[in-house]
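Comments concern the structure below.
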Amino acid sequence: VFYITFYIKQLVHSTVSFPPPINYQKYKMENRFLKGLSAVIPCSFYYPDKLTVKRVMWVQVKSHLLISVRNLKKITTRFQYIGDTNHNCSLKIHQVEHNDTGKYIFRFTTNSKEGKWTGKDGSTLKVVGKFSQYKYSCESSQTTKEGDSVKLTCRNSCDGGNLLSTFTWFKNGEPITEGPTLYLSNMSYTNSGNYTCSLKTHTGTTSGVIHIDVEYGPKNTSVSVRPSMEADAGSNITLTCSSHANPPVENYTWFKIDDGDIMDVGNGPVFVPGDGGQYLCSATNKHGSQNSSVVTLKIKSNSNTLPLFYSILGNMYQRCTNHCYCCCAPDCDYC
């Protein structure tokens, strides 16, 4: 916390010489606080060692509100004296409201008739509406692509044009880093998500959400085969091409490798080949293409076909030789 000290004149003349009796201090943000949060007015006071403080109080000049402190640690409504009777005269206001704006002055009395002082210059408190949404270098729900860089900057309206507040950055509700600026460089799909920032000391003051969507070309392109890469003749084999991409894959193309040549044989995520061989697919979106690995299909011949054929021929020859003596006799029904 940065402070600026105000030197206050004595209300009652005292012949005792000592430092200015009441020093008000304020933040560089000029004592501006967010509505609904807690505000602290730092203050210190001095008096001769031989005196004893009997009473301390704060007064809001605008409303003539008297904040008299008897039980020093007790919270009276929203106002709490967090100082003591030695040298600390700080005041804390809980859940500040707009009507708390104004000048506050501190007064204390001692056991001496002349030992009474009031800091007339006081400390001015200003309550602002709310925590401003962060400013960023890209529009809300901005779409980027892999390799791009994004700079997000969080600003508090209380800071004016300076970056004085301490912030915490969140991704999808989880804290990731601290500071007014978040740099996302050489982005990948893992950087996609919802980003917010909040004051470190007041986590309830969350900014609006910016959604970052990182686009990328097809990844992990592969081919799955059902039921298997080996099948009997006449069986159906189904090839399915899958790939991860953002935006989704726009086009799937199937290729067959035959004697070193690559032929375009189909389109779409699912393909049913007519024969065996080597196949692969290619997935494409606006950011590029990626090929799958090659899969090799083997079609088995039907082993029952030839034995059946030869069995029929054998039966025909046997009947011919028994009844016709010659398989080529004109009256043989089997010739």
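The values are calculated or read from the model by the stated rules, or taken from the named source; none is laboratory data. The structure presented is a predicted model; accordingly, all values stated were derived computationally and were not measured. Please note: Cβ atoms are built from the backbone with ideal geometry, for glycine as well, and neighbour counts cover all protein chains shown. Surface accessibility is based on the protein's heavy atoms, side chains included, excluding ligands, DNA and RNA. Shrake-Rupley method; radii C 1.70, N 1.55, O 1.52, S 1.80 Å.
Listed here are the residues, each with its yes/no results for (1) closer than 30 Å to LEU152 by Cα; (2) over 39 Å from the mean Cα position of the chain (by Cα); (3) free of Cβ contacts under 8 Å to residues at least 40 places away in the same chain; (4) in a strand (DSSP E or B).
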site: ILE212; (1), (2), (3), (4): yes, no, no, yes
site: GLU215; (1), (2), (3), (4): yes, no, no, yes
site: LEU239; (1), (2), (3), (4): no, no, no, yes
site: MET263; (1), (2), (3), (4): no, yes, yes, yes
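Which pairs have Cβ atoms under 7 Å, sit 6 or more apart or on different chains, and link a residue in the stretch 57-73 that is closer than 16 Å to LEU125 by Cβ and of a type in the set (Phe, Trp, Tyr) to one that is surrounded by 13 or more Cβ atoms within 10 Å (Cβ to Cβ) and at pLDDT below 80?
TRP58/ILE67
If you check SER235, SER224, SER242, which single one turns out to be of a type in the set (Ser, Thr, Tyr), within 30 Å of GLY276 (Cα to Cα), open to solvent by 40 Å² or more (accessible area, probe 1.4 Å) and at pLDDT below 90?
SER235
Within the stretch 69-84, restricting attention to residues that are at pLDDT below 80 and assigned to a loop (DSSP other than H, G, I, E, B), which residue is surrounded by the most Cβ atoms within 10 Å (Cβ to Cβ)?
Result: LEU72.
Which condition number does TRP169 fail, the rest of (1) open to solvent by 20 Å² or more (accessible area, probe 1.4 Å); (2) modelled with pLDDT of 90 or more; (3) more than 21 Å from GLY147 (Cα to Cα); (4) in contact with a strand residue (DSSP E or B) (Cβ under 7 Å, 6 or more places away or on another chain) being met?
(1)
Restricting the search to the stretch 261-281, which residues are more than 24 Å from ASP232 (Cβ to Cβ) and either of a type in the set (Lys, Arg) or open to solvent by 60 Å² or more (accessible area, probe 1.4 Å) (or both)?
Scanning the stretch 261-281 gives ASP261, ILE262, MET263, ASP264, ASN267, PRO269.
Tell me the residue from LEU37, LEU51 that is part of a loop (DSSP other than H, G, I, E, B), modelled with pLDDT under 85, among the aliphatic types (A, V, I, L, M) and open to solvent by less than 80 Å² (accessible area, probe 1.4 Å), please. I'd like the intermediate steps shown before the answer.
On the way: LEU51 fails: modelled with pLDDT under 85.
Exactly one residue qualifies, and that residue is LEU37.
So, of the residues in the stretch 186-202 that are more than 23 Å from LYS286 (Cβ to Cβ) and under 15 Å from the mean Cα position of the chain (by Cα), which turns out to be most open to solvent (accessible area, probe 1.4 Å)?
Among residues in the stretch 186-202 that are more than 23 Å from LYS286 (Cβ to Cβ) and under 15 Å from the mean Cα position of the chain (by Cα), the one most open to solvent (accessible area, probe 1.4 Å) is ASN194.
What pairs can you find where one residue is in the stretch 75-88 and under 23 Å from THR52 (Cβ atoms), the other is at pLDDT below 85 and among the β-branched types (Val, Ile, Thr), and their Cβ atoms are less than 6 Å apart, with a gap of 6+ or different chains?
TYR81/VAL69
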